[in-house]
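Read through the structure below, which is laid out as structure tokens, and then see the notes.
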Amino acid sequence: MDVLLGGSALGPGLFEQAMEACPQALSIVDMQLADQPLVYVNRAFELLTGYARAEVLGRNCRFLRGAAVDPGSARRIRAALQQGERMMVTVCNARKDGSEFLNELFLEPIVGASGAVTHFVGLQNDVSERDRRQGEAHAATQLRESQALPGRLALDDRIEQSLARAQAMGTRFALVMIDLSGPSQAFEADSPLARSQLYELARVIGEAVPHAGSSLSRLHGRRLALLLDPAPALAQLAELARRVLDAVNRQLASQANGATGHLGIAIGPVDGSSAQELTVAAGRALDRARLQSRAGEFSFFANAQDACLLPLRQMENDLAEAIAAQQFSLVFQPIVALETTAIVGFEALIRWIHPVRGPVPPAAFMPVAESTGMIIPISDWVIDTALAQLAVFDRLGGPPQRMFINISASQLAQPGFVDALRQRMLHHGIKAGRVELEITERTVTDHSAPTLQALRALRQLGVSLAIDDFGTGYCNLHNLTQLPIDSLKIDMSFTQAVTQSNAAASVSRMICELSRTLDLQVIVEGIETEGQLNHFRALACPYGQGFLFSQPLAPEAAIALLQCGKPLFGAAPVVSAPQLLLLDDDQNILSALRRLLRREGYQVHTTTSPQEAFEILATHPVGVVLSDQRMPQMSGTDFLRQVKKLHPLTVRMVLSGYSEPNTVQAAVNEGAIWKFLCKPWEDDALREQIRLAFLEHAALRDTARQQADAALVRAQLESEVSQRDQRLALKTLAIESARDALLLLPIPVLGIDPSHMVVMSNLEADRLFGGGASLMGEFMAALFPPAVEQALAATEPVSLQLAGRPFRLHVQALGGASAPNGHLLSLVPGSDE
Ligand code: FNR
């Protein structure tokens, strides 16, 4: 005991008295003595085990082991003792009288002055009763009896026990709150169905948590709590939470009641020192998980973060009021055919003007609406209002418009959604083919049965489906080919970068090609400049929307626009003069250059901003670019590097007052710049350089044209070769099929060459005249009577007896009169009498 308690200011006597008085069974083992004997047990230990202290001191604790102990626990105890690690294990122990009990055993190492573990303290706890109750609860689950899971009071009780243990042992435990929220409030009702679904959930949670010391309770209707004591390390806890969440969501999907699981986790005693505090903390973490995502998330409690939830709570209340007071309105953004810029439809977009806060952006309220289920009434209203507006557009008498409406995953999975939509369409007199629902990529990756069912039902109803913000989510090609999708809407983040970033330009090109291959239509979102429009026109994208054409319009403005019937944006006039772009941050230099080149017959574009330069390049067929090197936004070489990627046929030059040999050399070597010219310049020399640059541009253009022509010819040739190959393959297939058919024909068929040798015989001929052996190579004279050979000259079928059976012999000369190539003989059983 001295080792343990020596050095304490309170003295050993007091500690021993305290340990004796402790109601928890305690034992201390000396790890430095042979076979690790007990050196101390307290009074509670004697009471629990029935052994007197004198009977046990000096013995290894294994004498306590009951018959039903599982070898895994013994192994784990051994490992923890060897490594000097703290552990908790539940083992089967036997009392002195032989009765067995479940011992929840905590082992805590004591480290001596040398740094080595000198002792282990054991804390024994009889949990047989708790285990029995858990066993009963489990049995109840399996039998789906109507008894409830342990409730709130039982949970509080357990948390308090865990808190006490945590205080005594310095352990930690986790309170995991599970919420099953969904539009149908499936679990609120205390129906037998809800009960049975809940018990199924309890079962899958139990399977996902093979964790000794875990217990599940039901807080209220749709909220469960899982207590894990001790808590695993954080990383494992996160893994376990993900497992539970996945299991819950899989089970919920199979129950098809539209519910989704979310998890909130609090760690005791860190996040709270009472059952009440910990439940609140786990509840807050849960709220955050729900607000983060509708699709099922988990979140740990973190004070600072969760304090941020207050404004979200406020938003929740405001939204509920907004629904009741009808504070929402719709605006309509025209969607145009890119080629003609004629309006082909509108996207309905929601707006919310809060009476005090003013306009609230959808990005601020939609996630809250999603996570709280309020999205359902809101989306119902949006659909109805948008359809009513489409009916109004129809009455204007112009070309029929389409209406694009955004819907959420939860709305889609809502039972009866498609039926309700059908009724609303009927009500407003909207025919199939006029409505397109926009869903996110996330919805497409949701393969739950209700979602897939709804997608197919929509297809049957003639409602098209578009994937919104395409390119920003997780939709894979497989989904695109498997699901009934009609269009892709290219996300505005790509659109706005296409004239400046090679990566965005490539992605947009790929999306367009992909859509063509998959027979999907492309709608480009967020077109704001003529350069962007040109880019997508060049890719033959059919549709687009964005501020270049029109901002979202109030219903009256949309009607006025349709009535005036003009295209929304006219194409830029075509210019035939060679086009030169000058970029320099110094306006004076630009003016001087402009003066110098005025009379050369070029169309000169000047700008001080690289961004604007990109836009000019996207909208005009610029041949030569002359850029300053030192500019505040980006260097001339970097600018020209980017230009090379986006517009490889331009001829690019730097005009700089600084030589910067390294940078320039690198850019020249990469082919980003053609020539490096120096400031101040010689007028004539510069004019000459620009003239040469345009010559170079013309040469580049010609080469590119020739290459394109050659590529076209090559592609045509390849296509012809591939068609010929296909035809050949088909022919071969046909020949093989014919040969097989001939071989298996149930009448004897033979082919003979001009020398009357058999060159082909089918199975039936081999069987009848060769006893199963092939007749190939045999001569007719050896096989058949002379009548057969004589019949070769006959023009009509001849009746004869062969192998004791009557046949009608049909002879077909092969190869024609000019090049006779033998005969085909078919023997049809029977005679004509
Ligand atoms: C133990 N051990 C232990 N074992 C057990 O089965 N029931 C018990 O109550 C206890 N109590 C206990 C307390 C303390 C403080 C220590 C250090 C250890 C473990 C026991 O001594 C033994 O290591 C394990 O049972 C493994 O057995 P073998 O493999 O060593 O025979």
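The values are calculated or read from the model by the stated rules, or taken from the named source; none is laboratory data. Predicted model only: the values in this text are computed from it and were never measured. So basically every Cβ, Gly included, is an ideal-geometry build from the backbone, and we count neighbours across all protein chains shown. Accessible surface is based on the protein model in full, side chains and every heavy atom, while ligands, DNA and RNA are left aside. Shrake-Rupley method; radii C 1.70, N 1.55, O 1.52, S 1.80 Å.
One table, with the values for the structure above:
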| item | result |
| --- | --- |
| Computed E for GLU736/GLN603 - FRET, C-beta separation, R0 51 angstrom, nearest 0.05 | 0.20 |
| Folded to 0 to 90 degrees: helix 375-395 orientation relative to the chain principal axis, Cα | 30 degrees |
| Shape call, segment 538-650: gyration tensor on alpha carbons, a/c limit 1.5 | prolate |
| Contour excess over end-to-end distance, with Cα ends at ILE747 and ALA557 and 0.36 nm allotted per residue | 60.3 nm |
| Largest to smallest accessible area among TYR658, TYR602 [probe 1.4 Å] | TYR658, TYR602 |
| Inverse of mean 1/r across different Cα pairs in the chain, Kirkwood, Å | 36.1 Å |
| Solvent-accessible area, 1.4 Å probe, carbon plus sulfur percent, for segment 319-403 | 63 percent |
| LYS645 - accessible surface, heavy atoms, 1.4 Å probe, Å² rounded to 10 | 120 Å² |
| Segment 456-568 shape via C-alpha gyration tensor axes, a/c threshold 1.5 | oblate |
| Heavy-atom accessible area per residue - segment 724-781, 1.4 Å, Å² | 63 Å² |
| Rounded FRET efficiency, nearest 0.05, which uses the C-beta distance separating ALA74 from ALA52 and R0 of 30 Å | 0.75 |
| Nitroxide proxy distance, nm - points 7 Å out along Cα→Cβ at GLN482 and HIS428 | 3.2 nm |
| Antiparallel bridges, percent of DSSP beta bridges restricted to the chain (to nearest 5) | 65 percent |
| Quotient of C-alpha Rg and 2.2 N^0.38 Å, computed over segment 517-602 | 1.60 |
| Dipole magnitude (debye, nearest 20) for the chain, charges at Cβ of Lys, Arg, Asp, Glu | 360 debye |
| Anisotropy class of segment 26-120 from Cα gyration tensor, a/c 1.5 cut | oblate |
| Whole-number Å³ per residue for the convex hull built on Cα positions in segment 694-833 | 167 Å³ |
| Separation between Cα centres of segment 589-641 and segment 489-556, rounded to whole Å | 26 Å |
| Accessible-area value, CYS564, 1.4 Å probe, nucleic acids and ligands omitted, Å² | 80 Å² |
| Separation between Cα centres of segment 237-285 and segment 70-120, rounded to whole Å | 31 Å |
| Where segment 209-248 is the region considered: accessible area per residue in Å², 1.4 Å probe | 37 Å² |
| All-pairs alpha carbon distance profile, segment 777-829, 10 Å steps from 0, percent | 24, 54, 20, 2 |
| Ellipticity estimate at 222 nm from DSSP helix runs (n ≥ 4, -39,500 (n - 2.57)) divided over the chain, nearest 500 | -14500 deg cm²/dmol |
| Additional length obtainable on full extension of the chain from ASN662 to GLN790, 0.36 nm per residue less Cα span | 36.4 nm |
| Surrounding net charge for TYR658, when Lys and Arg each add one and Asp and Glu each subtract one, Cβ distance under 12 Å | 0 |
| Average accessible surface area per residue within segment 502-626, 1.4 Å rolling probe, Å² | 46 Å² |
| Extension gain from LEU396 to ALA164, taking 0.36 nm per residue of separation minus the Cα-Cα distance | 76.0 nm |
